[in-house]
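A quick write-up on the structure given underneath.
The values are calculated or read from the model by the stated rules, or taken from the named source; none is laboratory data. Computed from a prediction, not measured in an experiment: that's the story for all the values here. Every residue, glycine as well, gets a Cβ built from its backbone with ideal geometry; the counts of neighbours run over all protein chains shown. The protein model used for the area step is the full one, side chains on, heavy atoms only, and it has no ligands, DNA or RNA in it. Shrake-Rupley method; radii C 1.70, N 1.55, O 1.52, S 1.80 Å.
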Amino acid sequence: MKRPLSLLVGLAVVGLFVAGCQETTIAEEESSGSPVVYAVNYPLFYIAERLGGELISLKASVPAGVDPARSMPRDETLVSMQSADLILRNGATFAKWWEQVSMPRSIAWDTTADHADSLIVIKDAVVHTHGDGKTHSHAGYATTTWLDFDLAARQAASVKEALIKLIPDSAEVITGNAEELIVDLRALDAEMIEIGFSLGEKPLFASHPGYEYFAKRYGTRVENFHWDGDVRIDAKAEAALIEKLGEVKAEAMLWQSPPLAENIALLEKHGIRSVVFQPATNRPEDGRDFLDVMSANIGGLKALLD
C-alpha cells in the first residue's frame, strides 16, 4: 500500500521536528504520564505488557482483527507513533509498511537485530492473493519469528533491554518480569522439542507460509500451500493437493485459523487431519492471550501423536 506523496512529506516534516526535539517530547510524555510504547504485532505487545505492565502506556500499531504484517496503521496512528517514546519492531521484514513512512529511528527498537544469524530467508516466494484480492508475496525474511519459542525468549530479552533504557529506575521490576516470561517461553520450547522429536521425519502440510521458524527449530518438514481456511477448496486446489500427496506423504494440515467444515471433510477424504496452529500475529478476539493460544497450538499437535 502506498501513501500519497503529500502524506509522506507531511510525516517526514513531523519526523524531523520530533527527531530534533526528542528530549523535550520525552520529558513532556513522562511528566504527563507513563512512557508511550507501540508494538507492531501482538507477540511483541504481549511481551511488553508482561514486562512493563502499568509502567508504560502500551499501544498496538493496528486494531484487533487487522493483519499487522500487511496493513499500514491509520494516519492518526502514524502521527501518534511519531511522538511515542519507543516503537518495538519485529524485524525480519515484518510490517513492510515501515519502509514507506518517516519515523524517528531513534525511538525504533528492532527486537531481532542481535539475532540476524537466526533469521530465515524466503526463497522462490510465490505471488498470491487472499480474500481481499490484493496480490503479495512473502519475499525477504520469514516473519513469524516467535513461533520458535527460543527466539521468542531472545526477543523478550531484547524488549527488556529497551524498556530498561527507557525507564532505568524500574530495571529491577522489568528484569523480574522478564525472567518470569522467559520461564514460560522456555516451557513452551521444551514441549515443542519433545513433539518435534516424536513427529520425527513425518512431514506436515501448511495451508499458508508462516511456519518456517517453527519447522527449523523443532526439526519438522513443512510443505506450504496458499489457502485461506474460510475459502472453500476448489477442484483446482484439490488437484494440487493430490499432486503434492504423490510427492509428500503428509497426514496433517496446519491452518492459521479454523477452516470451513467442508475443507476439513475434503482433507479427511484424502487421509489428512486438520490442526489449527494460530500464529497470533494480532490480539485474539476471544479473550485469550499469547500463552493461551500457543498452548492450544501445542495441544493440537499432541493430538497427532495419539
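Residues Lys249, Lys236: which one is charged (D, E, K, R) and in a helix (DSSP H, G or I)?
Lys236
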Worksheet entry | Every residue from the range 232-257 that is open to solvent by 60 Å² or more (accessible area, probe 1.4 Å) and in contact with a Lys or Arg (Cβ under 9 Å, 6 or more places away or on another chain) | Lys249, Glu251
Item to complete: Output the residue which, of all residues in the range 83-127 that are of a type in the set (D, E, K, R) and in a loop (DSSP other than H, G, I, E, B), is most open to solvent (accessible area, probe 1.4 Å).
Response: Lys123
Practice prompt. Pull up the range 198-210, narrow it to residues that are under 20 Å from the mean Cα position of the chain (by Cα) and surrounded by fewer than 22 Cβ atoms within 10 Å (Cβ to Cβ), then point me to the one that is farthest from Gly229 (Cα to Cα).
Written response: Pro209
Response to the item:
Of the conditions (1) open to solvent by 10 Å² or more (accessible area, probe 1.4 Å); (2) at pLDDT 95 or above, the single one that His226 does not satisfy is (2)
Worksheet item: Pairs, please: C-beta under 6 Å, at least 6 apart or cross-chain, first residue farther than 21 Å from Ser158 by Cβ and in the range 91-111, second open to solvent by 30 Å² or more (accessible area, probe 1.4 Å) and assigned to a helix (DSSP H, G or I)?
Response: Ser102/Ala12
Worksheet item: If you scan the range 56-82, which residues turn out to be crowded, with 19+ Cβ neighbours inside 10 Å and in contact (Cβ under 8 Å) with a residue 24 or more places away in the chain?
Response: Ile56, Ala60, Ser61, Val62, Pro68, Ala69, Met72, Pro73, Leu78, Met81, Gln82
Worksheet item: Would you pick out the residues in the range 273-303 that are of a type in the set (Phe, Trp, Tyr) and either part of a loop (DSSP other than H, G, I, E, B) or more than 17 Å from the chain's Cα centre (by Cα) (or both)?
Response: Phe277
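With the requirement that a residue be of a type outside the set (Phe, Trp, Tyr) and within 22 Å of the chain's Cα centre (by Cα), what does the range 248-272 give you?
Met253, Leu254, Gln256, Ser257, Pro258, Pro259 - these are the residues of the range 248-272 that are of a type outside the set (Phe, Trp, Tyr) and within 22 Å of the chain's Cα centre (by Cα).
Would you check which residues across the range 208-246 are touching a residue at least 12 places away in the same chain (Cβ under 8 Å) and among the aliphatic types (A, V, I, L, M) and list them?
Val222, Val231, Ile233, Ala237, Ala240, Leu241, Ile242, Leu245
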